[in-house]
Amino acid sequence: MSKVFITSALPYANGPCHLGHLRSTYIPADIYARYNRMNNVEVLFVCATDEHGTPIAVRAEEIGKSPKEIADKFHKMIKNDLDACNISFDYFSRTTDPIHYEIGQNFFLKLYKNGYIYEKTINQPYCNECKRFLPDRYVEGICPHCKGEGARGDHCESCGRHLDPIQLEEPACLICSSTPEIKESTHYFFKLSHFEEYLKEWITGNRELPSNVKNYALGWIKEGLKDWILTRDMEWGIPVPLEEAEGKIIYVWGEAFLGYISAAAQWSRKKNKPWEDYWNDKAVHFIGKDIIYHHAIFWPALLMAYGCKLPANVVAGEYLSLEGKKMSTSKNWVIWASEFLEKFESDILRYYLVINAPLNRDTDFSWDDFRRRVNDELADVLGNFLHRTFSFTDRFFEGKIPEPAELDEYDEEFKERIKAIPKVVSKLIESFKFREGLIEIIRLAKFANKYFNDQEPWKAVKENSKKAANCLYLCNQLAKTLAVILAPYIPIKAAQIVEVMNLENFETCRWKKASEFVPAGHKIGKPKPLFKKIEDEIIKKEKEELYKNLKDMKI
Ligand SMILES: [Zn+2]
Ligand SMILES: [Zn+2]
């Protein structure tokens, strides 16, 4: 049996999940994991909260708590958000787990011993008021590349570039606002420049890598890769495992990736199975586009330095805007996963965020569009097809799938399409075109509704019972197929179809069996509507609440 190691980007433990996170990373990864499980692939799907770094340390300082307290709180919230969206991790860990510290330190040491980490004394911003160095987020200023304001010591949000804190123009200490002075400090550098050619080779030679990841990464390589400072002068983090490096920690991006590995290692201990087998077979990372640099440049270079197999693919979901405007958590222009999922079923959110746009394109969440798709597609197309099939079977065939007679041309066409759909969707999911797979499913459900209308079984049942029987025979077969192929996308609804149709003995969790027909005479259960329409009033209320934030914040 083949294996796959699937990861989704580590959510940073300083805030809960919003719809953008779910769209770009967690839902696509989950679809892929569920699909593979249904195809007899052994899946190890892991994630963890990323709990180090200066944003958490700064916040802790600002509110007088410990960084761990903050991480504890958000780890719990994020875990709840992802559970509420039905993300089927095999293990969800945290980077403050002792195993992660052990793995992080060993990784660092091996790179050091392999000669890929070296020491160098450099200038760093130092705050005389606070009496300390100002790594990363402790210092803010103007980006030297794009002149964007509020650029942090390690990263510019406006242009997405990785920064060196002393490059910042007009720097200021984030805690006391004073202008830092420049002081020397010895740090550990990773020889990223050494891997430039290797990375280029890996990226151009990897046919699986999606074009957005490829293009960004090759662009950065073209600009030239500089060696990368891998340590910080601060307390919150994994201590550098060298005696002479007291008071220094490993930079959060130098260890966060290993959260994938440490989560897997914990899973291994529990299950008594080696995670390495999964990694070595095929590793696929799902990330948001903001961390393409990290996953297409840093991470593979670190892995090359360590001497282990590189991931097979890095799939990057792009951004989700809200009602046409960039999401902003600080301006409260955002929809939090927990609030949304308290009011709406997770499956309709999963449906909407997938069908809305291809993963490799930015897209928008709009309440009106959400309502339109749920009502017109889920309720009117899918829900209607299923409900009329089940109700009709219940009413006119005593709840039993009727015996088919000779099929006419139209029936045959429908039958062929039912038989073909699992393969069509399968190909699309395997090439990470999740949206296109779902579109094919909805297209077939639309066709099925037309077929149902054209066959007029309500008339035929009195005038031409064979025609009615063929129609309901085939519609029930499609319903069964849908119960299987919708499962990666909308698992709860798919399980409800299984339940209504009494399909528990039909291996509906196996993709291969998706278009295997259920024998005539099989008794289905009592029909119940599976998809509800969303009332206009509800959307109006949601929009009012959201736009109230906009007014309050005067964006
Ligand atoms: Zn910039
Ligand atoms: Zn200061």
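The values are calculated or read from the model by the stated rules, or taken from the named source; none is laboratory data. Nothing here was measured: the structure is a model prediction, and the numbers come from that model. Heads up: the accessible areas ignore ligands, DNA and RNA and are worked out on the full protein's heavy atoms, side chains in. Shrake-Rupley method; radii C 1.70, N 1.55, O 1.52, S 1.80 Å.
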If you wrap a convex hull around the Cα atoms of the stretch 380-447, how much volume per residue is inside, in Å³?
100 Å³
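Which sequence of Asp233, Asp362 reflects their accessible areas, 1.4 Å probe, from the largest down? Working shown, then result.
Values: Asp233 30, Asp362 80 Å².
Sorted by accessible area, descending: Asp362, Asp233.
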Report, in degrees rounded to the nearest 10, the 0 to 90 angle that the Cα long axis of helix 196-205 makes with the longest principal axis of the chain.
10 degrees
Note the per residue figure in Å³ for the convex hull of the C-alpha positions in the stretch 278-429.
205 Å³
What three numbers, in Å, describe the spread of the alpha carbons of the chain along their principal axes, ordered from the longest?
92, 54, 40
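Carbon and sulfur atoms: what percent of the 1.4 Å accessible area of the chain do they account for?
Looking at the chain in its full context, I get 47 percent from C and S.
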Orientation-averaged projected area, Cα convex hull of the stretch 25-108 (nm²)
6.8 nm²
Heavy atoms of the protein only, probe of 1.4 Å, neighbouring chains included. What is the accessible area of Met501 in Å², nearest 10?
0 Å²
Evaluate the Kirkwood expression for the hydrodynamic radius of the stretch 277-340, namely the inverse of the mean inverse distance over all pairs of different C-alpha atoms, and round to one decimal in Å.
14.2 Å
Just the number please: accessible area per residue for the chain, 1.4 Å probe, all protein chains included, in Å².
44 Å²
With every protein chain present, what accessible area does Thr179 have (1.4 Å probe, heavy atoms only), rounded to the nearest 10 Å²?
110 Å²
Return one number: the angle in degrees, 0 to 90 and rounded to the nearest 10, between the long axis of the Cα atoms of helix 211-223 and the longest principal axis of the Cα atoms of the chain.
20 degrees
Give me D for the stretch 329-405 in µm² s⁻¹, whole number, from Stokes-Einstein with Rh from the Kirkwood sum over alpha-carbon pairs, 10 °C and 1.306 mPa s.
104 µm²/s
How tilted is helix 98-113 with respect to the longest principal axis of the chain? Cα atoms for both, answer in degrees (0 to 90, nearest 10).
60 degrees
Provide, for q = 0.15, 0.21, 0.25 Å⁻¹, the log10 of I(q)/I(0) from a solvent-free Debye sum over equal Cα point scatterers in the stretch 106-181.
-0.57, -0.83, -0.98
Report the Cα centroid-to-centroid distance between the stretch 26-59 and the stretch 495-555 in angstrom, as an integer.
24 Å
Cα pair count fraction exceeding 21 Å, expressed as % - the stretch 358-501
46 percent
Exposure rank, largest accessible area first [Val4, Val461; 1.4 Å]
Val461, Val4
How much space per residue, in cubic angstrom, does the convex hull of the C-alpha atoms of the stretch 79-219 take up?
199 Å³
For the stretch 283-290, what does the Karplus curve 6.51 cos²θ - 1.76 cosθ + 1.60, with θ = phi - 60°, yield as ³J(HN,Hα) per residue in whole Hz, taken in order and with x for Gly and Pro?
10, 10, 9, 9, 9, x, 5, 5
Kirkwood-based Rg over Rh for the stretch 1-147 (C-alpha set), two decimals?
1.05
